[in-house]
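For reference, the structure is listed below as structure tokens.
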Amino acid sequence: MSPDFKPTEIERAAQAAWTAADAYRVTEDASRSKFYACSMLPYPSGKLHMGHVRNYTINDMLTRQLRMKGKNVLMPMGWDAFGLPAENAAIKNKVPPAKWTYDNIAYMKKQMQAMGLAIDWSREVATCSPEYYKWNQWLFLKMLEAGICERRTQIVNWDPVDQTVLANEQVIDGRGWRSGAPVEKREIPGYYLNITKYAGELLDQVQDGLPGWPERVKLMQENWIGRSEGVRFAFPHEIRGADGELIQDGRLYVFTTRADTVMGVTFCAVAPEHPLATHAAKADPKVAAFIEECKAGGTTEAELATQEKKGVPTGLFVTHPLTHEQVPVWVGNYVLMSYGDGAVMGVPAHDERDFAFAKKYGIDILQVVTIDGEHFSYDHWQEWYGDKQRGVTINSDYFSGLSHGAAVDAVAAALAQKGLGEKKTTWRLRDWGISRQRYWGTPIPIIHCPDHGPVPVPEKDLPVVLPEDVVPDGSGNPLNKHAAFLNVACPTCGKPSRRETDTMDTFVDSSWYFMRYCDATNDKAMVGAGTEYWMPMDQYIGGIEHAILHLLYARFWTKVMRDLGLVKIDEPFTKLLTQGMVLNEAFSRTHDTGGKDYYWAHDLDIVRDEHAHVQSAVHKEDGKPVVYEGWTTMSKSKNNGVDPQQLIERQGADTARLFVMFASPPEQTLEWNDAGVEGANRFLRRIWNFGVKHADAVRASGAVDASALSDDAKTLRREVHKVLEQVSYDYERMQYNTVVSGAMKLLNALEGFKGDAPAVIREAYGILLRVLYPACPHITWHLWNELGYAAVGGDLLDATWPEVDPAALVQDEIELMLQVNGKLRGSIRVAAGADKAAIEALALANPEFIRFSEGKPPKKIVVVPGRLVNVVV
């Protein structure tokens with residue numbers, strides 16, 4: 001055994017042995033209790049970052065420890081490989097996205113293997129592989145048959161220069177992020193998955209069926225689904241289109257949760273795409289111009305919430321269904337056509353947004369709810385205006401004097417009697433539009449025939465394979481120019497037709513990959529027996545940034561697969577852990593143009609106070625100051641990232657793993673600390689050095705004979721088993737930072753032991769190696785083999801988890817603090833089972849009591865079992 005700790009050699013040897021033994025291949029075994037632990041699959045961007053290292057080490061620790069406890073544990077890995085970043089990289093580097101993606105996968109896989117992760121690579125999937133996305137297409141067709149998928153129009157951001165649809169984040173100040181051209185709103189056909197059909201179940205199971213999920217994630221899901229109980233009703237009108245027919249059958253429908261305020265309606269607002277807006281625009285250039293302006297605005301609720309609320313009157317009027325007064329119709333840039341009926345009632349006195357809109361355009365404001373007789377102020381908005389819990393209706397004719405609930409019921413009944421409305425439950429959740437006008441994604445399996453329209457691709461012809469030799473140039477979807485892909489015969493009539501060139505949203509790929517891991521090589525079915533064995537997943541691990549859409553879509557996809565008879569589960573993930581981000585300090589300067597330049601810390605002279613807080617920093621080359629921005633997420637753009645590969649090559653994977661586990665609890669953010677990394681490496685050297693120093697004694701010693709131990713040996717053994725008890729508990733609750741702390745306590749106890757008890761040292765060191773192994777598998781595996789533990793306990797991967805010996809925790813003697821008149825004066829040692837009389841006698845005979853009592857007899861003796869004895873004189 002080498003006296004020198006050489007992590008690179010140790011890690012290469014361990015990984016070679018694990019690879020040769022195919023140590024991490026897992027198969028279904030009905031005789032064993034299964035545990036499926038999975039990290040969210042990464043996008044193959046090129047290199048791992050420290051966030052990956054942290055995420056996968058958490059998963060790895062869980063996997064290895066549960067395997068030692070006898071579980072059949074699955075830890076798979078794959079690649080979320082489709083998406084726009086690959087197209088952008090392809091344009092920049094003039095290479096096909098396929099080549100860029102597969103090269104990145106190969107490199108990142110090597111990095112993961114260098115980390116020593118216990119991944120079953122036989123189940124690896126890449127979502128850009130035809131073997132994978134064939135099943136995206138297959139299930140799409142099944143959903144189309146079942147009515148869960150349908151084709152309808154959608155409003156998108158259209159770049160007229162690049163001839164492509166842009167995501168919202170690609171529209172900057174109303175212009176395309178790459179072309180700079182003014183972005184247009186276009187209504188084009190696309191495919192939607194009817195997730196709203198599952199809204200009730202999705203919400204109910206968040207509230208009642210996900211006990212292993214963090215509360216904040218459940219709340220985020222609840223808010224996104226957004227159930228609203230209210231009233232949907234119509235404002236009748238006589239507005240007719242060019243064909244002479246009433247537009248929308250003469251009814252402008254709205255939905256409101258505040259039907260108690262319906263008598264305060266002073267305007268209605270419709271979306272720019274609403275039929276009434278379109279009709280008004282034909283006769284009024286101002287309306288037409290405003291609608292054009294709105295096309296450059298946002299398309300999401302989040303964007304509309306922050307942008308300035310603007311509107312224009314249409315000159316049209318609808319009739320209030322209860323008062324029969326004429327209500328003006330406005331076009332508002334804050335109204336979404338995709339939300340409800342694309343129209344809202346305006347009650348300025350009791351809605352903050354409507355209040356601001358009415359003040360801006362001089363629209364009437366009518367108070368119809370009061371609280372404790374308070375009157376409305378036209379100067380500024382107050383919170384009580386919108387409080388529906390305490391309000392009572394006023395100025396509402398025969399609805400006046402009612403509480404919120406009573407008023408809603410009365411208004412709903414009145415509208416229902418007129419045939420103009422009813423109580424209704426609506427959802428903030430919208431149906432999932434999966435069509436993307438991009439190349440690098442799953443082809444939608446539809447063929448457009450001039451005679452038969454959109455025709456599904458026959459199942460026997462799946463997969464529709466995406467050509468991988470395409471190099472995008474940024475001018476629209478290249479599939480529209482790819483004749484070999486585009487031109488095809490109609491499956492129904494055989495006439496020349498065109499393939500659909502839209503591809504699927506990449507959330508489709510990530511909505512079921514965890515199921516495919518269970519049956520990764522099954523070419524006959526999407527899922528099979530593996531899914532029946534492994535699902536639901538026992539532990540899912542990933543970032544909080546995926547707490548809404550990814551998790552929601554995965555839950556929806558699971559329910560669809562259940563309803564189509566593919567799986568038997570309702571929810572995919574039993575427990576969820578959202579690990580914290582890895583942070584580092586950032587330093588910058590703002591240059592004349594307003595942009596920022598970021599600087600690496602190693603290029604700066606940094607002054608810190610006694611608490612290591614940054615006081616100032618200057619650049620080493622020019623001596624000029626830079627601004628300290630504090631702790632922020634590691635990023636290449638901010639020059640504050642740490643390359644895991646360099647760290648592994650320099651100090652070893654075990655050092656990297658140990659630091660990211662020790663520095664912070666898994667759910668909290670982790671602040672990078674180079675000194676902490678060095679400390680982790682020093683600790684591993686101490687582990688190694690202790691093994692070298694005691695190698696001969698450990699190899700030669702046998703089992704512990706508890707009856708022949710010295711007091712010091714008993715004390716060491718008791719400390720070791722106490723720590724083991726706590727560490728085992730910490731593993732159960734996935735508090736891996738305190739697990740590492742426990743390993744450090746074990747080493748401290750071993751190093752501090754000066755007695756001669758090789759059997760106790762062997763037992764304690766063996767416990768230490770097993771406790772530390774899930775975090776640092778290489779060094780512990782090597783020492784386990786070198787010191788002879790494997791000869792008795794088998795390979796460390798499958799060695800049994802150490803059990804706490806209750807007898808080791810029993811103390812023959814205990815120490816009690818000795819107080820005289822409440823002041824600490826020393827201590828006494830008593831038999832663990834000593835009664836009160838024996839303790840009192842020992843206290844009175846103690847030299848410290850005799851000295852401080854000054855010969856005075858005791859008035860009272862107080863014994864606190866296990867802690868202290870206080871003698872009052």
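Of note:
- Of all residues in segment 336-380 being in contact (Cβ under 8 Å) with a residue 24 or more places away in the chain and among the aromatic types (Phe, Trp, Tyr), the one that is nearest to residue 406 (Cα to Cα): 376
- Residue check for residue 32: of a type outside the set (Ser, Thr, Tyr), more than 27 Å from residue 685 (Cα to Cα) and out of contact with any helix residue (DSSP H, G or I) (no Cβ under 9 Å at 6 or more places or on another chain): yes
- Number of the exception - residue 570 against (1) in the same structural domain as residue 559 (by TED's automatic domain parsing); (2) part of a helix (DSSP H, G or I): (2)
- Residue 341 meets the stated requirement of being surrounded by 15 or more Cβ atoms within 10 Å (Cβ to Cβ), modelled with pLDDT under 95 and either acidic (Asp, Glu) or more than 39 Å from the chain's Cα centre (by Cα) (or both).
- If you filter segment 172-209 down to residues that are loosely packed, with under 14 Cβ neighbours inside 10 Å and among the β-branched types (Val, Ile, Thr), you find that the one that is nearest to residue 145 (Cα to Cα) is 188.
- Scanning segment 91-148 for residues being on the phi > 0 side of the Ramachandran plot and free of Cβ contacts under 8 Å to residues at least 60 places away in the same chain gives a total of 1.
- Taken over segment 540-589, the residue count meeting the criterion of being farther than 30 Å from residue 662 by Cβ and within 14 Å of the chain's Cα centre (by Cα) is 6.
- Condition check for residue 616: among the polar types (S, T, N, Q) and farther than 21 Å from residue 55 by Cα: yes
- Close pairs from segment 721-743: first among the acidic types (Asp, Glu), partner in a helix (DSSP H, G or I) and surrounded by fewer than 22 Cβ atoms within 10 Å (Cβ to Cβ), Cβ under 6 Å, at least 6 apart: 730/738
- Meets criteria (without any contact (Cβ under 8 Å) to a residue 12 or more places away in the chain and under 30 Å from residue 221 (Cβ atoms)) for residue 422: no
- Segments classed as helices (runs of 4 or more DSSP H), wholly inside segment 1-97, with at least 3 members that are surrounded by 14 or more Cβ atoms within 10 Å (Cβ to Cβ) and hydroxyl-bearing (Ser, Thr, Tyr): 50-68
- Pairing residues of segment 24-44 that are of a type in the set (A, V, I, L, M, F, W, C) with residues that are surrounded by fewer than 20 Cβ atoms within 10 Å (Cβ to Cβ), at Cβ distances under 9 Å and at least 6 apart in sequence or on separate chains, gives 26/72; 26/122; 30/533; 35/71; 35/72; 40/543; 40/546; 40/550.
- Listed here are the helices (runs of 4 or more DSSP H) enclosed by segment 433-540 that have at least 2 residues being in contact (Cβ under 8 Å) with a residue 60 or more places away in the chain, closer than 17 Å to residue 134 by Cβ and of a type in the set (Val, Ile, Thr): 506-510.
- Residues satisfying the stated conditions in segment 814-837, i.e. free of Cβ contacts under 8 Å to residues at least 12 places away in the same chain, in a loop (DSSP other than H, G, I, E, B) and within 14 Å of residue 861 (Cα to Cα): 835
- When residues of segment 104-128 are limited to those that are under 25 Å from the mean Cα position of the chain (by Cα) and among the hydroxyl-bearing types (Ser, Thr, Tyr), the one surrounded by the most Cβ atoms within 10 Å (Cβ to Cβ): 127
- Whether a residue is touching a Cys at 6+ places or on another chain (Cβ under 7 Å), outside the structural domain of residue 166 (by TED's automatic domain parsing), closer than 25 Å to residue 145 by Cα and of a type in the set (Lys, Arg) was assessed, and residue 460 does not pass this test.
- Residue 650 touching a Cys at 6+ places or on another chain (Cβ under 7 Å) and not small (Gly, Ala, Ser): no
- One residue alone among 792, 820, 830 is out of contact with any Lys or Arg (no Cβ under 8 Å at 6 or more places or on another chain) and closer than 18 Å to residue 763 by Cα, and that residue is 792.
- Candidate set: segment 814-833, residues that are farther than 11 Å from residue 849 by Cβ, touching an Asp or Glu at 6+ places or on another chain (Cβ under 7 Å) and hydrophobic (A, V, I, L, M, F, W, C); chosen: the one surrounded by the fewest Cβ atoms within 10 Å (Cβ to Cβ): 832
- Candidates 153, 101 - the one that is out of contact with any Ser or Thr (no Cβ under 9 Å at 6 or more places or on another chain) and buried (at least 22 other Cβ atoms within 10 Å of the Cβ): 101
Okay, residues lined up against (1) over 43 Å from the mean Cα position of the chain (by Cα); (2) under 21 Å from residue 790 (Cβ atoms):
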position	(1), (2)
670	no, no
678	no, no
686	no, no
691	no, yes
698	yes, yes
715	yes, no
720	no, yes
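- Selection from segment 671-711 of residues that are in contact with a Ser or Thr (Cβ under 9 Å, 6 or more places away or on another chain), aliphatic (A, V, I, L, M) and at pLDDT below 95: none
- Segment 597-635, subset among the polar types (S, T, N, Q) and within 10 Å of residue 586 (Cβ to Cβ), residue surrounded by the most Cβ atoms within 10 Å (Cβ to Cβ): 633
The values are calculated or read from the model by the stated rules, or taken from the named source; none is laboratory data. Owing to the predicted nature of the structure, the values given are computational and were not obtained by experimental measurement. Cβ atoms come from the backbone with ideal geometry, glycine included; neighbour counts cover every protein chain shown.
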